[in-house]
Every structure is written in C-alpha cells, then in structure tokens.
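Before any comments, here is the structure.
The values are calculated or read from the model by the stated rules, or taken from the named source; none is laboratory data. Just so it is clear, the structure is predicted and the values come from calculations on it, not from any experiment. In this analysis, Cβ positions are derived from the backbone assuming ideal geometry, glycine residues included, and neighbour counts consider all displayed protein chains.
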Amino acid sequence: MKGTGHSYQKKFADLSGMYADASAFDALRETRGDEVVYEVTDFKPNDRAGDLITGVTRMVPGQVGHEFFMTRGHIHAQVDRPEMYFVLRGKGVMQMESPEGKTEAMEMGLHTMCYVPPYWIHRSINVGTEELVMLFCYPADSGQNYDIIAQSGGMRHRVMARTDGAWELVDNSAYRARARDALGALMALGA
Ligand SMILES: [Fe+2]
C-alpha cells in the first residue's frame, strides 16, 4: 500500500499471553519470536469524526498448538464506531464479541466483506494456509482500546483447528464476563 503515512508490525514474541497453550507458544517463540506475524498499513488523513481511515492488514498463517494465529483485537476507544473489512487474499475469521459477551464469528473467503457493528470487540484470525490480506475502513476518530480483552481474560471463545483442519469455536475457560457497572461505563462512552 503506497502513499500512506503510518504502519506497524507485530512480532510473534509480542503476542505473549494471548494463546491457550503457553508451552506451545514458548516453543514457537524460540524459533519464530522475531518473525513479523502481522502488519497494518493505513492512511489517516486526520482524526475527525467525519473522515475515514483506510488500510491493509497482512497476517501470516500458523497455529499455536491448535489455535490459529490472530491479532490482539480491540474495541474502538469511541465505542460506537463501526468498521468494514474486505478480504483481498486468503481465508480468515472475524471474531466479534458484544460487551455483554455474545460471539459472532464470520468466515471470510476471497472478496468477502465483513461489517463490524458499533460497540463490538473484534479480532482477525488467519484460518487458512496462506497469507490473509484484508482491506479495512473505519471512522477516523475511532481509536483502539486493547485492554478490554485482557481485562476479561481474553475473548469468550477461541478459534481452534479441528483434526480435519476446519476451525471451530471453543470456550475460553479464562474468560470473565464484564460486570454490570463496567458494562454501563463502557456503553456510556458511546452515548
Ligand atoms: Fe477496529
């Protein structure tokens, strides 16, 4: 993506604590810790509510144990801002979670568009065998809150590989539902 002003990269070692199988993560970190596992490049004209950030994310394929490689995930700091993703290459899952803990996982093949509604936490997962490349677009004042996932012990479900190679949602045993007062405070941010 040319003509942009901003990009960031995540190395495998940066994703410590996200995956269920900590020993598999540690073993992979030994050999692939410095490898860039996803990269985001975007064009941000300004940070006004009426403008748009447009960009491309690229994710390498892989698994930690039986869990597919994924992004850290976030809710928008302005919680009522939506997002659009469109697959340019590969096969992914957009895992979305409402603040109340409802999960929607949308499989995305080539040229699939996914709409992430306002208030929904979202994370991209590469469930294919090649690079996953997606175009995205969201309001320029959205911002990102990454802590919301760590505060609940991860997202409610994990996207895991079945023995036949397909993906499935598995309960995350470390997940803690958001308390009513925390939920109220979060929703008030978008009021
Ligand atoms: Fe987002």
ask   = Taking the condition touching a Pro at 6+ places or on another chain (Cβ under 8 Å) and not acidic (Asp, Glu), does Asn145 pass?
value = no
task = May I ask you to say which residue of Phe43, Phe68 is under 23 Å from Tyr175 (Cβ atoms) and in contact (Cβ under 8 Å) with a residue 40 or more places away in the chain?
result = Phe68
ask   = For the stretch 43-71, what are the residues that are modelled with pLDDT of 95 or more and either within 11 Å of the ligand (Cβ to nearest atom) or touching a Ser or Thr at 6+ places or on another chain (Cβ under 7 Å) (or both)?
value = Ile53, Gly55, Val56, Thr57, Met59, Pro61, Met70, Thr71
note = Picked from the stretch 5-39 (must be β-branched (Val, Ile, Thr) and in contact with a Lys or Arg (Cβ under 8 Å, 6 or more places away or on another chain)), the residue farthest from Val127 (Cα to Cα) is Val36
message = Any residue that is of a type in the set (Val, Ile, Thr), in a strand (DSSP E or B), within 22 Å of Val60 (Cα to Cα) and within 16 Å of the ligand (Cβ to nearest atom) - is there at least one of those in the stretch 157-177?
response = no
request  = Tally the residues that are assigned to a strand (DSSP E or B), of a type in the set (A, V, I, L, M) and under 15 Å from Thr57 (Cα atoms), restricting the search to the stretch 81-131.
outcome  = 8
task = Of the conditions (1) assigned to a loop (DSSP other than H, G, I, E, B); (2) farther than 28 Å from Arg178 by Cα, Asp141 clears all except one; give me its number.
result = (2)
request  = Sort out which residues of the stretch 19-62 are more than 18 Å from Arg89 (Cβ to Cβ) and within 15 Å of the chain's Cα centre (by Cα), and write them in order of number.
outcome  = Tyr19
ask   = Looking at the stretch 72-90, which of the residues that are crowded, with 19+ Cβ neighbours inside 10 Å and closer than 19 Å to Thr103 by Cβ is farthest from the ligand (Cβ to nearest atom)?
value = Val79
ask   = Is there a residue being surrounded by 13 or more Cβ atoms within 10 Å (Cβ to Cβ) and in a loop (DSSP other than H, G, I, E, B) anywhere in the stretch 8-17?
value = no
task = Please state which one of Tyr119, Tyr115, Tyr138, Tyr175 is modelled with pLDDT of 95 or more, surrounded by fewer than 15 Cβ atoms within 10 Å (Cβ to Cβ) and aromatic (Phe, Trp, Tyr).
result = Tyr115
note = Tyr146: passes all of (1) within 14 Å of the ligand (Cβ to nearest atom); (2) surrounded by 17 or more Cβ atoms within 10 Å (Cβ to Cβ); (3) closer than 19 Å to Ala185 by Cα but (2)
